[in-house]
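Since the structure comes first, as C-alpha cells, the remarks are kept for the end.
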Amino acid sequence: MDELTRFLEQREGQQTRRRLAPLDGRAPACVVLDGRDFVDFSSNDYLGLSGHPAVVAAAQDALTRYGVGAGASRLMSGDLAIHHALEDAVATFKETEAALVFTSGFQANTSVIPALVDRHDAVFADALSHASLLDGVQLSRAKLIRFRHNDPDDLAALLKKHRNQYRRALVVTESVFSMDGDCAPLRQLVELKDRYECRLYVDEAHATGVFGSHGQGCVGEEGLAGRVEFIMGTFSKALGGLGAYLASSRLVVDYLVNAARGFIYTTALPPVIIAANLAALRVCREEPGLGAALLAKSARFREALRERGWDARGVCQIVPIVIGESVRALELSAALAETGFRVMAVRPPTVPEGAARLRFSLSAAHTDPQLQAVLEALGDFS
Ligand SMILES: *Cc1c(COP(=O)(O)O)cnc(C)c1O
C-alpha cells in the first residue's frame with residue numbers, strides 16, 4: 001500500500017489532492033454547507049429541474065407504484081414499459097429512429113464506443129474530450145488520434161494522413177465543452193466525416209435541455225440530426241435527473257442491446273428515475289424557451305464580467321473567467337465563499353498550465369439580484 005500513500009502525498013505536495021466535502025443539503029442554485037446557505041454556481045442543474053414540481057411529482061408517483069430498485073438488468077426482469085416510453089420520447093426529442101438508455105453518461109460512453117470500434121479502427125477525438133469518451137476509446141483498443149480543440153483544419157490534416165490506415169473510423173466530440181463553455185463546429189465536422197468516410201459521435205451532455213428550440217441539443221438546433229450517426233446525451237445535467245441516452249438508428253440500438261457490455265451487465269435504472277427523466281423532457285417540450293432564456297441571461301452575465309475587466313469566455317450557460325495562476329483562482333473562490341457564493345476554481349491539470357479559472361455554471365434558478373450580487377462581490381479585475 002506504500003504506493004497509494006506516496007500517490008496521495010505527491011498530490012498533496014502539488015496541491016492537487018481532491019477531497020470530498022459533504023453538504024447539508026441542496027436545491028436548484030443553492031447549497032447548504034455547515035448550516036449556511038450559498039448561492040451555487042457549480043452545479044449542472046442548469047434548468048433547476050431537479051426540484052421542478054412536475055418532475056418531483058412524477059418521481060413520487062413512480063416510487064409509490066414501483067418501489068425503489070428495478071430489480072434486474074433490462075435483459076432480465078428489469079425492463080419496464082416506462083423505460084421504453086423514455087426511449088421513445090428521447091428518439092422524438094432527438095429526431096432519430098430510436099434511442100437506448102444507460103445508467104450514466106460515463107457508462108454510456110465507455111459502453112457504446114467499445115461496441116462500435118475495435119483494434120483495427122481509429123478514433124479521431126477532440127483533444128478536450130471528456131474522460132469517459134477517452135476511456136471508452138481505451139477500452140475499445142482502437143487507435144486514439146486527438147485533434148486540436150475545435151479545430152476542423154487539424155482534424156482534416158489528421159484524417160488525410162491517417163484515415164486510410166484503418167478499417168473504420170469514428171470522429172468524437174462534445175457539442176458543448178464544460179471547461180471552456182464553447183461549442184463544437186458541428187457542421188464542419190459532419191462535412192469532414194462524410195468526406196473521409198467516418199462516423200460521428202457527439203456527446204451532448206451539457207447541451208441537452210439548453211440548446212435547440214425545446215432543449216433538443218446542438219445537433220438538432222443545427223438541423224444535423226439526420227447526419228450524425230451517434231448522438232449521446234445525459235439526463236443528469238440540465239434535465240435534473242440521472243442516466244444517459246444514445247440516440248441513433250433502430251439497427252444501432254438493436255445492436256447495442258446485444259453488444260454494449262455496460263448495457264447488458266448492469267441493473268436497469270429504477271422507474272423512479274425514469275419517470276423523473278420523462279417528466280423533465282415533458283417540461284422541455286411544454287415550456288420551450290427555457291434554454292434560450294438561460295443562454296440570454298448567461299450572455300448578459302458574461303458581458304457584465306467583461307465590462308468589469310474579467311477575461312470571461314464561452315458562448316453558453318458555462319461562463320469561465322481565466323485568472324492565470326492557481327493560487328489566485330483559489331483566493332478568489334475563497335473570497336466569494338466568504339460572501340456566500342460557491343464558485344469553483346478549476347486548475348491544472350484539468351486546464352492548461354497558467355490558465356486556472358473560476359467557472360460559473362448558470363442556472364434558470366439564479367435570480368437577477370443573485371447575479372448582480374456575485375458581480376459586486378467579485379469586483380473589478382485588477
Ligand atoms: C458529465 C459528462 C458525462 C458523464 O455523465 P454522467 O451522467 O454524469 O455520468 C459524459 N460526458 C460529458 C461531456 C459530460 O460532461
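R250 versus (1) under 25 Å from A268 (Cβ atoms); (2) within 16 Å of the ligand (Cβ to nearest atom): which is the lone unmet condition?
The failed condition is (2).
Hey, can you tell me all the residues within segment 102-112 that are open to solvent by 10 Å² or more (accessible area, probe 1.4 Å) and of a type in the set (V, I, T)?
T103, T110
Which residues, taken from segment 199-212, are more than 16 Å from the ligand (Cβ to nearest atom) and either touching a Gly at 6+ places or on another chain (Cβ under 8 Å) or open to solvent by less than 10 Å² (accessible area, probe 1.4 Å) (or both)?
G212
Having 3 or more residues that are in contact with a strand residue (DSSP E or B) (Cβ under 8 Å, 6 or more places away or on another chain) is the bar; report the strands (runs of 3 or more DSSP E) wholly within segment 1-60 that clear it.
In segment 1-60, 30-33, 36-40 are the strands (runs of 3 or more DSSP E) which contain 3 or more residues that are in contact with a strand residue (DSSP E or B) (Cβ under 8 Å, 6 or more places away or on another chain).
Quick check on my filter: what residues within segment 340-356 are in contact (Cβ under 8 Å) with a residue 60 or more places away in the chain and not in a loop (DSSP other than H, G, I, E, B)?
Correct list: F341, R342, M344, V346.
Residues to consider are T367, T339; find the one that is open to solvent by 60 Å² or more (accessible area, probe 1.4 Å), touching a helix residue (DSSP H, G or I) at 6+ places or on another chain (Cβ under 8 Å) and modelled with pLDDT of 95 or more.
Unique residue meeting the criteria: T339.
Can you work out which of the residues in segment 216-247 that are assigned to a loop (DSSP other than H, G, I, E, B) and away from the ligand (no atom under 16 Å from the Cβ) is surrounded by the most Cβ atoms within 10 Å (Cβ to Cβ)?
Among those residues, the one meeting the criterion is Q216.
Can you find even one residue in segment 328-337 that is in contact with a strand residue (DSSP E or B) (Cβ under 6 Å, 6 or more places away or on another chain) and of a type in the set (S, T, N, Q)?
yes
For segment 167-183, name all the residues that are more than 11 Å from the ligand (Cβ to nearest atom) and at pLDDT 95 or above.
R167, R168, A169, L170, V171, G181, D182, C183, listed by residue number.
So if I check each of G67, G71, G105, G78, which one is within 16 Å of the ligand (Cβ to nearest atom) and small (G, A, S)?
G105
From (1) under 26 Å from G136 (Cα atoms); (2) among the hydroxyl-bearing types (S, T, Y); (3) away from the ligand (no atom under 16 Å from the Cβ); (4) open to solvent by 30 Å² or more (accessible area, probe 1.4 Å), pick out the condition that doesn't hold for S326.
Unmet for S326, out of (1) under 26 Å from G136 (Cα atoms); (2) among the hydroxyl-bearing types (S, T, Y); (3) away from the ligand (no atom under 16 Å from the Cβ); (4) open to solvent by 30 Å² or more (accessible area, probe 1.4 Å): (1).
Looking for something in a helix (DSSP H, G or I) and either touching a helix residue (DSSP H, G or I) at 6+ places or on another chain (Cβ under 8 Å) or without any contact (Cβ under 8 Å) to a residue 60 or more places away in the chain (or both) - is there at least one such residue anywhere in segment 309-324?
No, there is no match, as no residue in segment 309-324 is in a helix (DSSP H, G or I) and either touching a helix residue (DSSP H, G or I) at 6+ places or on another chain (Cβ under 8 Å) or without any contact (Cβ under 8 Å) to a residue 60 or more places away in the chain (or both).
Looking only at segment 68-94, filter to residues that are open to solvent by 60 Å² or more (accessible area, probe 1.4 Å) and assigned to a helix (DSSP H, G or I); which one of those is farthest from A268 (Cα to Cα)?
T92
Tell me whether segment 133-152 contains one or more residues that are within 13 Å of the ligand (Cβ to nearest atom), open to solvent by 10 Å² or more (accessible area, probe 1.4 Å), out of contact with any Gly (no Cβ under 6 Å at 6 or more places or on another chain) and at pLDDT 95 or above.
yes
The values are calculated or read from the model by the stated rules, or taken from the named source; none is laboratory data. Just so you know, these numbers come straight off a predicted model, no measurement behind them. Glycine also receives a Cβ, built like all others from the backbone with ideal geometry; neighbour counts cover every protein chain displayed. Ligands, DNA and RNA are excluded from the accessible area calculation, which covers all protein heavy atoms including side chains. Shrake-Rupley method; radii C 1.70, N 1.55, O 1.52, S 1.80 Å.
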